[in-house]
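Taken together, the values in this text are just the output of simple stated rules run on the coordinates, not laboratory data. It should be emphasised that the depicted structure is a prediction, and the values quoted were computed from it without experimental measurement. Note that each Cβ is placed from the backbone with ideal geometry, even for glycine, and that neighbours are counted across all protein chains shown.
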Amino acid sequence: MDTGFQDSSTPPRRGLFRAKTVEESIADTEDPERGLRKELSTLDLVAYGVGVIIGTGIFVVTGSVAKQYAGPAVALAFIAAGVVCALAALCYAEFASTVPVAGSAYTFGYASIGELPAWIIGWDLVLELALGAAVVAGGWSGYIASLLSDAGADVPASLSHQGGGFGFDILAAALVLVLTGIVMVGMKLSARVTGVVVAVKVTVVLLVIFAGLFYVTGGNYHPFLPPSRSNTGGGSQLHAPLVQVMFGFTPSSFGVMGIFSAAAVVFFAFIGFDIVATAAEETRHPQRDLPRGIFGSLVVCTVLYVAVSLVVTGMEKYSKLDTSAPLANAFTSVGAHFWADVISFGAAVGLTSVVLILLLGQTRVFFAMSRDGLLPRAFSRVHPRFGTPYRTTLLLGTAVAAIAGFFSVGQLEEMVNIGTLFAFIVVAVGVVVLRHTRPDLHRAFRAPWVPFLPALSVCASLWLMINLSVETWLRFAGWMVVGLAVYFGYGRGHSRLARGR
């Protein structure tokens with residue numbers, strides 16, 4: 001039986017912060033049974049980034065945040081959130097080009113800070129990507145059910161969550177299973193499907209932007225930055241931002257501080273560019289293509305978000321925007337019903353690629369953790385024909401399909417936010433540590449102004465994190481406690497570093 005430890009050639013390493021060297025990580029990619037095929041180009045990586053970033057955010061978040069937090073200045077909130085992502089992107093680009101191995105922040109943390117921090121971030125990412133995929137699949141199901149209803153074919157209440165009672169969302173589960181099959185068959189097929197979907201999605205967004213320009217009224221932009229207004233709330237402290245509970249700081253809507261409150265919310269719309277790094281091992285020229293893919297997808301999406309937010313707040317007064325489907329309703333309010341239907345179609349298509357890429361990123365993180373022995377090594381075997389981690393993909397795809405089918409999961413945006421921001425902090429710290437411990441490494445891309453830029457990235461990420469609710473922090477802490485139990489119960493003893501390679 002293959003235990004994965006017959007290749008022992010170095011003494012076991014002790015301690016919670018034992019690190020896996022960059023050379024060891026790269027050597028793992030050359031194992032024919034556990035290495036992934038290199039099939040992706042710069043264009044594929046940009047498509048992956050745009051494919052996962054452009055989803056419900058551009059169709060929903062833009063208008064709802066404008067109404068509740070920033071008014072027409074929501075465009076500035078998108079820029080602020082984009083800057084935070086850009087700071088993290090510089091750190092990701094350095095790591096991804098230096099350690100072109102599957103696993104993203106998990107792998108980067110293992111090579112710099114050590115095993116326990118790497119486990120924590122890997123455990124975090126697996127959950128966040130799974131929940132994200134399930135929630136987005138549920139959103140896709142809602143759009144499709146609505147389109148079917150308009151065509152006279154209603155989905156039974158027992159096969160959806162529309163009735164409010166118990167039901168199995170057959171459409172959401174079916175979508176996840178189909179996309180799981182695509183991910184399992186191969187990275188190239190996933191890239192082709194993503195490319196087609198992204199082309200359709202971006203075309204729809206561009207058409208909406210240009211069509212909306214004809215309905216813009218200048219008066220709707222005044223005031224561009226509405227007067228500040230305190231959010232006294234009055235609800236449970238569990239739903240209050242952590243910064244309010246800790247320091248008595250009362251968050252505000254509108255005004256300058258409203259822009260930053262909005263940035264903490266719209267940050268959800270940017271999540272995904274970091275998933276590009278999970279495909280590092282499957283990129284043909286990672287040192288060159290990964291930085292291009294990360295920055296290219298981030299720039300494209302920031303421009304589209306700013307343009308859409310300016311159009312929607314110009315078409316309808318920010319105070320009158322609908323919070324559930326603001327972009328579609330903005331067109332409906334001016335009598336452009338055709339474009340409202342186009343937006344619904346674009347949203348349904350767009351969510352497909354989001355689910356696919358979240359599944360892809362999740363399987364690569366789980367695969368990397370398995371290959372290191374922190375999870376059962378059986379899940380790190382790749383298919384002899386397709387070259388994909390098929391066991392991991394099947395396991396996680398089935399689990400996500402079950403979550404999407406059985407549970408109507410709401411308000412998980414903040415859970416995904418806190419997990420991603422935590423990953424940003426780990427990567428930023430890791431860049432500084434690896435610069436100090438391994439100055440000899442060849443870095444095809446070097447983040448500028450180290451350690452000042454990573455420190456700024458950590459501060460910016462922490463600021464957005466403490467603007468999230470106490471309830472989100474408690475859920476995050478609970479999942480981390482479970483993760484620590486799994487690590488000390490299994491991962492620590494089965495780690496390849498613990499047993500010696």
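Quick rundown of the values:
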quantity	calculated
Percent RCO, i.e. relative contact order, over region 309-359, from Cα pairs under 8 Å lying at least 6 residues apart	24
Cα gyration tensor shape of region 382-501, rounded if a/c is under 1.5, else prolate or oblate by comparing a/b with b/c	oblate
Neighbour-count ranking [beta-carbon atoms within 10 angstrom, fewest first] of Arg377, Arg364	Arg377, Arg364
Relative contact order (percent, whole number), region 388-491, Cα cutoff 8 Å, 6+ residue spacing	38
Surface/4 of the Cα convex hull for the chain, nm²	23.4
Total charge dipole magnitude, region 374-501, about the Cα centre, Cβ charges on Lys, Arg, Asp, Glu only, Debye to nearest 20	900
Distance-filtered residues of region 203-221 - backbone nitrogen under 19 Å, label point 7 angstrom along Ser333 Cα→Cβ	208-221
Amide H partners (placed H, <5 Å) of Leu40, local residues excluded	Thr283, Arg284
Dipole axis of region 291-417 (+1 Lys, Arg; -1 Asp, Glu on Cβ), positive-most option in Pro384, Phe295, Gly335	Pro384
For the chain, size of Cβ-based charge dipole, Lys and Arg +1, Asp and Glu -1, in debye	900
Relative contact order [Cα under 8 Å, 6+ residues apart], the chain, whole percent	35
At least 20 Å along the helix axis (C-alpha) and Kyte average at least -0.5, DSSP helices within the chain	74-98, 115-150, 170-185, 187-213, 286-315, 337-371, 390-406, 413-437, 452-466, 470-486
Under the Karplus curve 6.51 cos²θ - 1.76 cosθ + 1.60, θ = phi - 60°, whole-Hz ³J(HN,Hα) for region 378-385, x wherever Gly or Pro sits	4, 7, 9, 6, 9, 5, x, 9
Residue-by-residue Karplus 3J(HN,Hα) for region 63-68, coefficients 6.51, -1.76, 1.60, Hz, glycine and proline x	x, 5, 6, 4, 6, 9
Dipole-positive endmost among Val306, Leu374, Gln362 within region 285-435 (Cβ charges, Cα centre)	Leu374
Per-residue Cβ neighbour rank within 10 angstrom, fewest leading, Leu131, Leu125, Leu453	Leu453, Leu131, Leu125
Residue among Gly142, Leu87, Leu159 farthest towards the positive dipole end of region 75-190, charges placed on Cβ	Leu87
